[in-house]
Every structure is written in C-alpha cells, then in structure tokens.
1. Considering only Cα-Cα distances, which of the following residue pairs are longer than 27 Å: LYS300/LYS370; LYS198/LYS594; LYS499/LYS618; LYS99/LYS187; LYS471/LYS559; LYS564/LYS594?
2. Using alpha-carbon pairs under 8 Å, 6+ residues apart, how would you state the relative contact order of the stretch 528-652 in percent?
3. What are the residues whose amide H is under 5 Å from the amide H of LEU66, where those residues sit 5 or more places off or on another chain and H is modelled from the backbone?
4. Quote to one decimal, in nm, the extra length available between ASN463 and GLN24 on full extension: 0.36 nm per residue of separation minus the C-alpha distance between them.
5. Mind listing the long-range amide H neighbours of VAL167? Cut-off is under 5 Å, sequence gap 5 or more, other chains count too, H placed in the peptide plane at 1.01 Å from N.
6. Can you work out the Karplus-derived ³J(HN,Hα) for every residue in the stretch 453-461? Use 6.51 cos²θ - 1.76 cosθ + 1.60 with θ = phi - 60°, whole Hz, and x for glycine or proline.
7. Find the percent of Cα-Cα distances in the chain that exceed 37 Å, and round it to a whole number.
8. Shape call for the stretch 528-652 from the C-alpha gyration tensor, a ≥ b ≥ c root eigenvalues: rounded (a/c under 1.5), prolate (a/b greater than b/c) or oblate?
Amino acid sequence: MSSPIESVLQEQRLFYPSLEFSAQAKIGSLEQYHQLYRQAEADPVKFWSDLATQELDWFDRWHTTLDWQPPLVKWFDGGKLNISYNCLDRHLLTWRRNKAALIWEGEPGDSRTYTYAQLHREVCLFANVLKQLGVQKGDVVGIYLPMIPEAAIAMLACARIGAPHSVVFGGFSAEALRDRLNDGKAKLVITADGGWRKDAIVPLKDQVDIALTHVPTVENVLVVQRTGQKIQMLPGRDHWWHDLKQGVNADCPAEPMASEDILFILYTSGSTGKPKGVVHTTAGYNLYTHITTQWIFDLKDTDVYWCTADVGWITGHSYIVYGPLSNGATTLMYEGAPRPSNPGCTWEIIEKHGVNIFYTAPTAIRSFIKQGEHLPKARDLSSLRLLGTVGEPINPEAWMWYYRIIGQERCPIVDTWWQTETGGIMISALPGAMATKPGSATLPFPGIIADVVDLEGNPVGVNEGGYLVIKHPFPSMMRTIYNDPDRFRSSYWEHIPPKEGQYFYFAGDGARKDEDGYFWVMGRVDDVINVAGHRLGTMEIESALVSHPAVAEAAVVGKPDEIKGEEICAFIILEGSQTANEELAQELKQHVVKEIGAIARPGEIKFTDALPKTRSGKIMRRLLRSLAAQQEITSDTSTLEDRSVLDKLREGA
Ligand code: WTA
C-alpha cells in the first residue's frame, strides 16, 4: 500500500453533450453544476435538508439533519418514512398509477410488465405473506433469487415491513450463502426453484437446502416457482409463494421506519478472508439514490431505463430497484446474460422496448466488442439517448466503441465511480452539464467532497497518483459493518489518520486528478481484485484454496485479462506428499467454485515450491502480480527474504 502509485494513462479527447441534450437535461450546464456544487459545499445541511423535503414523502419530519460523530453518522434523525412507500404508494396518488414500473424479460423469451398499481399489490401480498410466516420488524431476511420480478418485489416487501434484507447474489455457492445467512442471523430465506442463465438452470433451491443444514436461525423458506424443475420441499419449513399469496390480504400499509433503521445488509469483499456486511439505513439511502438517479441518468417520465446489473450487487439495489422506482421511472430487468443461443439479445431488448438509457459494465462492453459490431448494427438502437458504465475503470478503447457503435456518437456516457459502501454514485458526469473524457469518471456529485491524497492526508499534485478519499459525510454512506464496528473503523477510517478534525473515508482505490479537476480512478490499492466487475478479496480465495487438503499455502493475485479486466491467478504450494498435475489444478479450481461460486474460479493455477516473502513473512504480492502478467520486475526487491525464489518462479512460469 505504501508503494508509489504511478499513472500512465494519457487521454486528451473531450466529448461535449449536444446542445439538444443539454437543453432538455435536468442539469444543463457546467455553471449550473458548479452552482449546485458550491451550494452543497457551503452548507451541506441545508442542501440535503432541502432535497429531502422536496423529493421524499415523510410520515414524520426529522429534527436533526446531520449528526456526525466520526466515523458514526446519522442523517435526518427523528424522521419517519418508508422507502417502499416512496417507491410505490406515493405514485398511486398520481397519473403514474398505471404507468409501467417494471418491465421484465425472461431468458427463455417470456416477459411481464407491472404497473405501479400492480407492483404495489404484489409487494403488499408478499409483505403480508412474510408477516404470516412470523417475520417482524427488525428480522433479517435472506434473499437468494434469480433476476425475476419477485427479487424486486421481495426487497420492497421487506422494506415495507421493516425487515432488513440481505440479498445474496445467485451465483454464490451454498457455502458462501451459509456464511452470509449466519452472519445476519437470518430468520427466513426467499429463493426460487431455479433461474435461467446462459441457457441453463441455476438450481438455487438445492443450494439453499445445502446451506440450511448449518444455519440454525432460519425458520422458513419462501420459494418462488420459476423454472418448474423438481426440487425438495421440506414440510413445515418450505412454502410456495404462489400457494401462500392466495390467502392473504392485498392491503399492507407501509411501516413508519426511523431514518436510521437498517434497510439492508449487503456483503462485499475486503482485504481479509471474511466478507463485510455493509449496513445501509433508510432515509439517507433513499434520498441519495433518488437524487443521483434523477440527475445522473437524467430520468424523464417517458424514458425506459435499463441497468444490466444483478440485484445481488449494490448496483442492482440502488439503480434497478430503489433509485428508479423512487422517481416513478420505468425500470427494465433482464433475467439472463448474453448467451450462445442468442448473443445479440441485449440489442434485441433495446429495440423491442425502445430503451432510452442503458447502464452496464466495462467487462460487458468488452465482450460486446469481441462478439462483433454486426450484432448491435442489426438492431434499431435509435431510442438510446444516454449510456452509463460502472464497476471498474473503463479503458478508452472500450469507451470509444461504446460511444460510436452503441451511442452512435449521439449519447453522452456517464462513467460512474462508487462502491457498495457508498450506496450511490459518488463521481460521475451530469450528462447535460459537462464534457466527458474517455476513461475518466469526471467530477464529484454535488455534496461529495472527494480528493486524492497521500498517506498523511495531504492532497497530491495535479496528475499525481494517490489515494481516493471522501472528506465529508453524505446521506448514503455505509453506517457500519454488521456485527463488526471495529473493522468498520479500521478498514475505512484509519488508513489515513484524521488530522485537525478532518476525517478521511478511504475508498481503497488509487486515483489522480487532472488539470480540470477530473478524477481518473486507477483501481484497487488493497488486496481486492476486480474480475468482470465483481469485487473479490484475494484472501477469501486463498482461504478457499487452503481449505483443500492438498494445499499447504496459496497466494492469489489478479492478472490482466482482455474481457474480464482481471483474471485470478493462484500460486500454490502443495502438501509434501502431493504431486502437481493438471488434474489437481482442475480440482482446485472446482473447489473454489464450491466454496465461493463460479465468479471466483481461478483462471490459472501455478504450482510452486516457495513464495516471495518479506523477512517478516508477508507475501510480496506485487512481485507475484508482475510474474502473473509476465512483466519484468522493476520494483524494489530489497525486502525479499530469499531472492532465488523469484528465479525459480520465473523458470516455472
Ligand atoms: C471499482 C460497484 C473505476 C472501484 C458500484 C471500487 C470503479 C469498486 C468504477 C467498488 C468506475 C466501480 N471506475 N473503478 N466507474 N466503479 N469501480 O462495491 O475499484 O462492487 O472501489 O461497487 O469497483 O465495487 P462494488
């Protein structure tokens, strides 16, 4: 972490939004952005308090807008509201009652549309079923679902009755699910028989059955029927959603929640083996996701908005479900992924539904490039007016392709930098207000005081690399790590120690600011790697590998990959009696899939006799990174305990 961060990317191109785009945009000029930014900076309390009054519906008004006892924060203390009310009920009182809230496309070609009134009804039924199964305010509910409307419905139903949800990505294994359910002491799990992904069924309920053999707190499982394949239903514990919904009332008033009541827990990787349960609360999260959706995606009531993330990640929480619905938008959800039987499905869906705003990830863009431009060119994409990306730094080549082929040089691109921990987008263009540069997330959102500093908290110079930090509390910031307040402090607030009353939220990313103040995020500076936009802790994968009886020691690093950004490369020392061979390498890869999920499958396993370590025994990952990428080792090796290790590793590579 103390190694100097060097920035090599030089990119000079500037792209201005068209006059037409700016003229219709919510924030239409750089002056307007600067004015908002200055207002928020000068008086953040007034800025957020005015927005909270204008943009959200409240049952009770708050008495204290901001209570900041670093690093603990409370926003809108004393207030009462419900995010499910803000996403549903309030729109029923307007013309939006019969507007499409959710358009869903299933992978096999089925589709469903819910109006606000219909979505509200389903959420109320779901909430009443949860209550009937004994779920009370404050009980944690696990959600392990495919990308089907019931995922959004389940989240909103939990929010409605005040039960914090803990959504676990459907691609995680039974073991990963078990650990997350246990950490949250979940009382009930919502799942489906299975889901469709890349022409195959993901057997979710089977995974739940395995996980629950070791989760004593779960009393009931609510199962949505999606694929219809045969599954086990344990009498007394497992219930079909379609059965229980028959008998319940369609009226379920939204529970008045305190501003700081927990809305959800979402697990993310850090630099230890144990995932962190990031805690978000109700009011600040509602407000911040609401206003960022409105200004960054420039949402209009006539738009069809499509975010391709999975609801199992923060992007799905904030920008498929809560942000868009709070604004009364039409949000599109797709069950599957581009797949062999229909590689052009993305463009087909844009054409079919006349999608106006499209938000995806750089890794997806790179795989679209690989598939070839004939696929998007075969479809009518003229409805698109704005594009977005998230998840990792976007390489300028991918940005240009996205701009030319998908946006047809007409659509601004918002490159949005943020994290599970920040709940909402921190740095991004407001598309009608500012020019974009390929590869830069541009400027911070009004109210976000971001900077690039050294380890003492001093701002670094223009175009110098440093650590990306946030210097003032904002409404959607994480409140703590569930069950682990000490780790919350040490992971985020102590890397750069506070000075003169100034606290630094350490994001874990390296960045630089250019002469226009534009931010260029360079990637993680901790032991976290970003594979296809998914955050994975190297320690988590190492623990999984070491849990295999053949493995004595493991070190995992990221290695550059054309499509995924990074791929996992694992260096393995075997137990004495074991012999390295291809079969064992395959077995170890499969073992990681079982322990964590397919997203963590190592791309490469390298067997070795020793690992490069410092004299104090710390693995020197930067050397392994260079070896994995087959680069010259130019950095300092003087702290290496045994220099011959490097030569041996190089020979083996
Ligand atoms: C990376 C996803 C560069 C970054 C919303 C961050 C990005 C981590 C960008 C958070 C971007 C996300 N440019 N890097 N536009 N967006 N990242 O928690 O390293 O899954 O710290 O949240 O992704 O990943 P997470």
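We did not get these values from a lab; they are worked out from the coordinates using the rules stated. All of these numbers come straight from a predicted model, not from anything done at the bench. When we count neighbours, we look across all protein chains shown, and the Cβ atoms used for this are built from the backbone with ideal geometry, even at glycine.
1. Distance filter (> 27 Å) returns LYS300/LYS370; LYS499/LYS618; LYS99/LYS187; LYS471/LYS559.
2. Value for the stretch 528-652: 22 percent.
3. Residues meeting the criterion, in which the H sits 1.01 Å from N, are PHE76.
4. Details: separation 439, 0.36 × 439 = 158.04 nm, distance 3.35 nm.
So the extension gain works out to 154.7 nm.
5. Amide H to amide H, under 5 Å and 5 or more residues apart or across chains, VAL167 pairs with ILE143, ILE265.
6. 10, 8, 5, 9, x, 7, x, 8, x
7. 35 percent
8. Values: a/c = 1.73, a/b = 1.19, b/c = 1.45.
Oblate is the answer for the stretch 528-652, as a/c is 1.5 or above yet b/c matches or exceeds a/b.
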